Amino acid sequence: MKRTLLFLIGLISFSAVAQQAYYNDVNLTLTGTQLRDALATKVINTHSNSLSYSEIWDAIMITDIDPNNTSNVTLLYGWENGSDGDVTNDLYRGINENGGNVGDWNREHTFANSLASPDLDSNTTNGPPYSDAHNLRPTDVQRNGQRGSRLFSAGSGNSGTVGAFWYPGDATQGGPDWRGDVARIVMYMYIRYGNQCAPNLVANGTTNSVDSNMIDLLLEWNAADPVSPLEDARNAYHEDIFNATAQGNRNPFIDNPRLATQIWGGTPAEDRWGIFGTDTEDPTVPMNLMVSNETSTSIDVSWTASTDNVGVTGYDVYVDGVFEQTVAGTSATVSGLLASTTYTFTVLAKDAQGNTSAQSTGVDGTTLANGGGGGTGSSLYFSEYMEGSSFNKALEIANYTGSTVDLNEVGNVYTLKISTNGSATWNSTYSFPMGAMITDGDVYVIGNTGLAVCTGAVDDSNDNITGFNGNDAIGLFKNDVLIDILGTLGDGATYAQNTTLVRKPSISSPNATFTIGEWDASASNTCDNLGMHTQTLSVTTFDTEEFVIYPNPTNGNVVYINTQNNSEISRVRLYDMTGKQLINQINTSNEINVQGLQQGMYILQLEIGNQTISKKLMKQ
């Protein structure tokens with residue numbers, strides 16, 4: 001930010017800086033979203049003092065003073081010395097001329113309050129994120145009003161509106177360049193508050209290829225406009241928690257703008273620490289993508305290694321255009337997928353300097369169906385649940401995969417987890433004994449040690465996992481990924497009390513969403529089938545009601561549902577990938593409010609007539 005601001009009184013800043021001790025416990029060799037998350041952890045954990053909105057006045061009067069006149073503060077978006085009679089474009093204003101009147105300065109939420117999702121004051125007006133000092137800058141009252149809640153967008157010259165958008169201003173007409181300030185504030189708000197302050201909510205432009213929440217324009221502004229002494233002074237003040245109105249944390253992108261390049265790529269920004277080198281060459285695009293080992297919930301992806309002038313450090317894997325994971329090698333297993341669903345996989349390569357290739361050509365893969373034929377289901381599944389009187393409790397797991405399953409095989413470890421009394425978290429984990437096997441077409445039974453009926457049917461006894469009371473969700477996990485579930489995590493509903501449930505013979509694979517229609521119920525203490533299970537598969541294709549979710553993926557607050565025949569939707573449920581129910585609406589319209597969802601994959605389940613249909617929903 002090349003402007004003539006000098007030293008801020010009592011605060012030291014440099015045009016070149018050594019790496020601050022603040023980052024000594026951050027692994028700065030990381031890149032991409034891993035580095036983003038490491039910096040997020042740092043700024044969150046060190047935000048030790050939550051300022052009230054009124055305290056922001058006091059903080060600004062220290063951090064934003066005019067270096068040439070300590071009776072003034074410096075106004076964001078301003079450029080003129082006050083001689084032209086237009087107060088809205090002033091660069092400086094009297095330090096005590098603050099308020100809400102014409103000629104005053106007030107506190108500008110650079111990341112506009114209403115653009116956050118949910119908005120910044122949805123939880124509190126007396127602490128983060130509404131009163132985060134790194135986001136609040138002094139601004140002329142009228143100029144602040146002109147900006148309003150307009151998204152930042154490309155432009156030129158001094159600050160002002162560009163159609164429906166707002167341009168913060170550059171130095172082409174002799175004024176300060178505010179683009180870098182804005183970009184670095186938005187980046188800070190993103191890592192501090194996550195998807196609530198995703199950059200694509202506040203800026204207009206091309207979506208970044210590494211992180212769909214980032215806008216490339218902000219990376220351009222960060223690189224084009226170097227850090228100013230004013231920004232350095234604000235950082236130094238707020239790290240020092242002994243200052244009365246300091247937060248305790250710093251904005252990493254002020255300390256080193258190159259961190260943004262290391263995370264999101266783009267034009268290399270200044271490396272103020274001099275630790276990242278000068279490599280600007282992108283790796284080659286990964287080639288020859290292939291999919292393999294499809295199950296109902298996972299697909300393996302592999303590719304040919306990329307090359308780089310220095311060396312490739314990792315690959316980012318995307319599913320349907322949404323970032324999934326970073327791996328060091330040339331293969332990845334993508335889990336948590338929906339059965340009988342086609343996905344498109346792409347991969348990009350990156351190096352230690354944050355240079356990234358373009359995403360590869362996509363390859364499609366389709367997960368296996370819940371069902372099929374030939375007795376070859378995709379994985380193990382619950383086949384019986386007995387919740388009887390006293391300690392007459394048992395679980396049964398069936399194997400119709402076509403081969404013997406070692407429950408503790410390296411790379412394919414099965415466990416059970418229970419959530420007691422409707423808890424929203426898994427409270428206890430059951431591990432199968434070493435050597436436990438289930439041959440194809442056979443079952444494995446876990447019974448309570450007090451089981452007084454069904455003698456001779458128990459392969460193992462464990463009172464923790466068989467202490468359920470009809471409202472305890474129980475999950476079957478493979479490699480710690482939920483594949484089958486009894487009940488719904490966190491809803492507290494009693495789904496099977498004093499009841500025996502037997503999986504219908506037509507069901508051949510697990511289901512991460514509990515669907516009572518897959519089970520036949522019997523009276524308490526019924527155990528005629530415990531220790532055996534029958535699976536009868538059909539290859540008949542039935543016509544089913546279809547529905548479309550849009551937009552999907554979504555980064556907004558509402559998604560819409562269109563059914564094939566305009567059929568009435570009787571119920572909508574939404575689950576996360578652990579099986580926790582997040583939404584349960586009866587007699588719903590075709591609009592679903594997803595405002596509070598975090599980024600990730602969800603299962604949207606509709607009841608239409610006598611059918612229950614599920615599809616994937618992706619929140620960006």
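The values are calculated or read from the model by the stated rules, or taken from the named source; none is laboratory data. Treat the numbers as computed from the prediction; the structure is a model and nothing was measured. Cβ coordinates were reconstructed from backbone atoms using ideal geometry, including for glycine residues, and neighbour counts include every protein chain displayed.
The table for this structure:
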{"read-out": "Count of segment 293-328 residues which are outside any strand (DSSP E or B) and either touching a residue at least 60 places away in the same chain (Cβ under 8 Å) or in contact with a Leu (Cβ under 6 Å, 6 or more places away or on another chain) (or both)", "value": "7"}
{"read-out": "Residue that is acidic (D, E), out of contact with any Phe, Trp or Tyr (no Cβ under 9 Å at 6 or more places or on another chain) and surrounded by 22 or more Cβ atoms within 10 Å (Cβ to Cβ), where the choices are D491, D472", "value": "D472"}
{"read-out": "Restricting segment 160-205 to residues that are β-branched (V, I, T) and in contact with a strand residue (DSSP E or B) (Cβ under 7 Å, 6 or more places away or on another chain), the residue that is farthest from H134 (Cα to Cα)", "value": "V202"}
{"read-out": "Close pairs (8 angstrom Cβ cut-off, 6 or more residues apart or separate chains): assigned by TED's automatic domain parsing to the domain that holds W57 and in a loop (DSSP other than H, G, I, E, B) in segment 242-262, β-branched (V, I, T) and surrounded by 24 or more Cβ atoms within 10 Å (Cβ to Cβ) anywhere", "value": "N251/I185; P257/V227"}
{"read-out": "Selected residue (criterion: surrounded by the fewest Cβ atoms within 10 Å (Cβ to Cβ)) from residues of segment 438-469 that are touching a Gly at 6+ places or on another chain (Cβ under 8 Å) and β-branched (V, I, T)", "value": "V453"}
{"read-out": "Tabulated pairs, segment 398-413, first assigned by TED's automatic domain parsing to the domain that holds P433, second modelled with pLDDT of 85 or more and of a type in the set (K, R), C-beta under 9 angstrom, 6+ apart or interchain", "value": "A398/R503; N412/K478; V413/K478"}
{"read-out": "Hey, L617 over 19 Å from the mean Cα position of the chain (by Cα), closer than 25 Å to V319 by Cα and modelled with pLDDT of 75 or more or not", "value": "no"}
{"read-out": "Those residues of segment 25-55 which are of a type in the set (G, A, S) and at pLDDT 90 or above, in sequence order", "value": "A38, A40, S48, S50, S52, S54"}
{"read-out": "Odd one out for T29, checked against (1) buried (at least 21 other Cβ atoms within 10 Å of the Cβ); (2) closer than 30 Å to Q353 by Cα", "value": "(1)"}
{"read-out": "So G435, is it among the small types (G, A, S) and surrounded by 22 or more Cβ atoms within 10 Å (Cβ to Cβ)", "value": "no"}
{"read-out": "Residues satisfying the stated conditions in segment 381-393, i.e. in a strand (DSSP E or B) and closer than 23 Å to G492 by Cβ", "value": "F382, Y385, M386, E387, K393"}
{"read-out": "Segment 569-605: number of residues that are at pLDDT below 75, over 22 Å from E324 (Cα atoms) and either surrounded by fewer than 14 Cβ atoms within 10 Å (Cβ to Cβ) or acidic (D, E) (or both)", "value": "3"}
{"read-out": "Number of positions in segment 42-57 that are in a helix (DSSP H, G or I) and surrounded by 15 or more Cβ atoms within 10 Å (Cβ to Cβ)", "value": "6"}
{"read-out": "Boolean, S383 is in contact with an Asp or Glu (Cβ under 6 Å, 6 or more places away or on another chain), touching a residue at least 40 places away in the same chain (Cβ under 8 Å) and within 24 Å of L416 (Cβ to Cβ)", "value": "yes"}
{"read-out": "All positions within segment 330-369 that are surrounded by fewer than 21 Cβ atoms within 10 Å (Cβ to Cβ), part of a loop (DSSP other than H, G, I, E, B) and at pLDDT 90 or above", "value": "T330, A358, Q359, T361, G362"}
{"read-out": "Residue match in segment 501-519 (condition: modelled with pLDDT of 85 or more and touching a Gly at 6+ places or on another chain (Cβ under 6 Å))", "value": "yes"}
{"read-out": "Looking only at segment 294-324, and only at residues there that are among the aliphatic types (A, V, I, L, M) and within 26 Å of the chain's Cα centre (by Cα), the one that is modelled with the lowest pLDDT", "value": "V322"}
{"read-out": "Residue satisfying all of: in segment 11-24; modelled with pLDDT under 95 and not polar (S, T, N, Q); surrounded by the fewest Cβ atoms within 10 Å (Cβ to Cβ) among these", "value": "A16"}
{"read-out": "Verdict on S71 being surrounded by fewer than 16 Cβ atoms within 10 Å (Cβ to Cβ), in a helix (DSSP H, G or I) and over 30 Å from the mean Cα position of the chain (by Cα)", "value": "no"}
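The rows are residues; the columns are (1) assigned to a loop (DSSP other than H, G, I, E, B); (2) more than 22 Å from N200 (Cα to Cα); (3) more than 34 Å from the chain's Cα centre (by Cα); (4) of a type in the set (A, V, I, L, M, F, W, C).
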position: T88; (1), (2), (3), (4): no, yes, yes, no
position: G100; (1), (2), (3), (4): yes, yes, yes, no
position: G103; (1), (2), (3), (4): yes, yes, yes, no
position: F111; (1), (2), (3), (4): yes, no, no, yes
position: D119; (1), (2), (3), (4): yes, no, no, no
position: H134; (1), (2), (3), (4): yes, no, no, no
position: R137; (1), (2), (3), (4): no, no, no, no
position: G145; (1), (2), (3), (4): no, no, no, no
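Yes/no matrix, rows are residues, columns are (1) assigned to a strand (DSSP E or B); (2) of a type outside the set (V, I, T); (3) in contact with a Gly (Cβ under 9 Å, 6 or more places away or on another chain); (4) in contact (Cβ under 8 Å) with a residue 12 or more places away in the chain:
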position	(1), (2), (3), (4)
I185	no, no, no, yes
Y188	no, yes, no, yes
N200	no, yes, no, yes
D211	no, yes, yes, yes
E231	no, yes, yes, yes
